[in-house]
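A.B. asks: Attaching a single structure in structure tokens format; questions to follow.
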Amino acid sequence: MAGSGTLSAFRLPPLPTIREIIKLFRLQAAKQLSQNFLLDLRLTDKIVRKAGNLTDAYVYEVGPGPGGITRSILNANVAELLVVEKDSRFIPGLQMLSDAAPGKLRIVHGDVLTFKIERAFPESLKRQWEDDPPNVHIIGNLPFNVSTPLIIKWLENVSCRDGPFIYGRTQMMLTFQKEVAERLTANTGSKQRSRLSVMAQYLCSVQHILTIPGQAFVPKPEVDVGVVHFTPLVRPRIEQPFKLVEKVVQNAFQFRRKFCYRGLGMLFPEVERVESTGKLLELADVDPTLRPTQLSVSHFKSLCDVYRKMCDEDPLLFAYNFREELKQNKSKNQEKEDDKEKHRL
């Protein structure tokens, strides 16, 4: 790999524009994959600048598509750029970029949801969790259909300090539908407050950096796009297993317009629901008449800590799923109705 002295002088040679690449390889955004191309290099440059100083950095780009953001990253004097692209139609255009930047761009034809990045970059990049973030960055213009499952997957990785976060507190700069970006960054009490708000904010510092108008993309999506920056916190604001936090938060937001005791009650079997929900809220010192959107991360910390103790006391509690109980009750009721029908005959 080239030394840092040559990296500082690097600039991509003249290349076909992204529009020309799209024409050359007859690329069309696949609607079923929620693809939208960002062609304005001034905007892609702006996104990359907002990611911070990328000089000599190792960057993992997800969903590069025809390579707009890819070009801006390469022009930011990175040490190496790894791109993971699922759609094989984009590989030839990316290969053209790789040829123009020898030793800089590594292309993987694969699915970002299953790709293992743990061994992608040098071991020497790893930092202690308490240290400053490593010189590793994740950047991506995500297809809308994978953005939410992917950020939940990566948040779980943050919690476990594995995946892309085996190197330390790796920073992320990602695009989402504006509405999703607003949910990720929503404050307590706002209409956009949601499960995503709490799950992201208990683990990371989250900032809505930039809004890009839909008309900047081809094809133009029906919504604007938000660019969100994530920096994992040195210490999570809730120190419980990710799956436990996720279960409490998901249930709390089951009935977002009702009082919080309604959704939190779904954590418990029907026969003990009223008593156990009351105990949970009392011990956590949470007002049962607050709406889910009014619950702060501190509220959720108290709820998760108390729920954990209740699960420790009753090992079967964490495995309880209210939907399964509903199904079983429905099945039992149907059997009773069938029996009654037989007796009538």
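A.B. asks: Which value, in debye to the nearest 20, describes the size of the charge dipole of the stretch 18-232 about its Cα centre when Lys and Arg Cβ atoms bear +1, Asp and Glu Cβ atoms bear -1, and nothing else is charged?
C.D. replies: With only Lys, Arg, Asp and Glu charged at Cβ, the dipole is about 460 debye.
A.B. asks: Next up: Any idea which of GLY189, GLY265, GLN240 is furthest toward the positive side of the dipole for the chain, if Lys and Arg beta-carbons carry +1 and Asp and Glu beta-carbons -1?
C.D. replies: Looking along the dipole axis, the top candidate is GLY189.
A.B. asks: State to the nearest 20 debye the size of the charge dipole of the stretch 216-305 about its Cα centre, where the only charges are +1 on K and R beta carbons and -1 on D and E beta carbons.
C.D. replies: Here the stretch 216-305 has a charge dipole of around 220 debye.
A.B. asks: With angles folded into 0 to 90 degrees, how steeply does helix 144-160 sit against the dominant principal axis of the chain? Use alpha carbons for both and round to 10.
C.D. replies: 80
A.B. asks: Quick one: which of 44-56, 174-186, 106-118 comes out on top by average Cβ neighbours within 10 Å, and what's the full order, highest first?
C.D. replies: 174-186, 44-56, 106-118
A.B. asks: Related question: Using the Cα centre of the stretch 171-236 as the reference point, and only Cβ charges (+1 on K/R, -1 on D/E), how large is the resulting charge dipole? Debye, rounded to the nearest 20.
C.D. replies: Result for the stretch 171-236 is approximately 220 debye, rounded to the nearest 20.
A.B. asks: Dipole of the chain (Lys/Arg Cβ +1, Asp/Glu Cβ -1, origin at the Cα centre): which of THR277, PHE318, VAL112 lies farthest to the positive side?
C.D. replies: VAL112
A.B. asks: Also: When you count, for each residue, the other Cβ atoms within 10 Å and take the mean per peptide, how do 73-81, 140-148 rank with the highest first?
C.D. replies: Packing order, densest peptide first, comes out as 73-81, 140-148.
A.B. asks: How large is the accessible surface per residue of the chain, computed with a 1.4 Å probe and reported in Å² as a whole number?
C.D. replies: Per-residue value: 51 Å².
A.B. asks: Quick check: from the Cα gyration tensor, does the stretch 18-232 come out rounded (a/c under 1.5), prolate or oblate?
C.D. replies: oblate
A.B. asks: Using alpha-carbon pairs under 8 Å, 6+ residues apart, how would you state the relative contact order of the stretch 86-137 in percent?
C.D. replies: 27
A.B. asks: Over the chain, what percent of the accessible surface lies on carbon and sulfur atoms, probe 1.4 Å?
C.D. replies: About 49 percent, which is the carbon plus sulfur part of the accessible surface.
A.B. asks: Could you give the radius of gyration (one decimal) and Dmax (whole number) of the Cα atoms in the stretch 125-251, in Å?
C.D. replies: 14.6, 42
A.B. asks: Quick one: helix 242-252 against the long Cα principal axis of the chain, what's the angle to the nearest 10°, folded into 0 to 90?
C.D. replies: 60
A.B. asks: Here's another thing I want to ask about it. I'd like the orientation of helix 273-284 relative to the chain: the angle between its Cα long axis and the longest Cα principal axis, in ° from 0 to 90, rounded to 10.
C.D. replies: 60
A.B. asks: Of MET172, VAL228, THR55, which is farthest along the charge dipole of the chain in the positive direction, counting Lys and Arg as +1 and Asp and Glu as -1 at C-beta?
C.D. replies: After comparing all options, I get VAL228.
The values are calculated or read from the model by the stated rules, or taken from the named source; none is laboratory data. What you see is a predicted model; the values in this text were computed from it and never measured. All Cβ positions, even for glycine, are placed from backbone atoms using ideal geometry, and neighbour counts span all protein chains on display. Note: areas computed on protein heavy atoms with side chains; ligands, DNA, RNA excluded. Shrake-Rupley method; radii C 1.70, N 1.55, O 1.52, S 1.80 Å.
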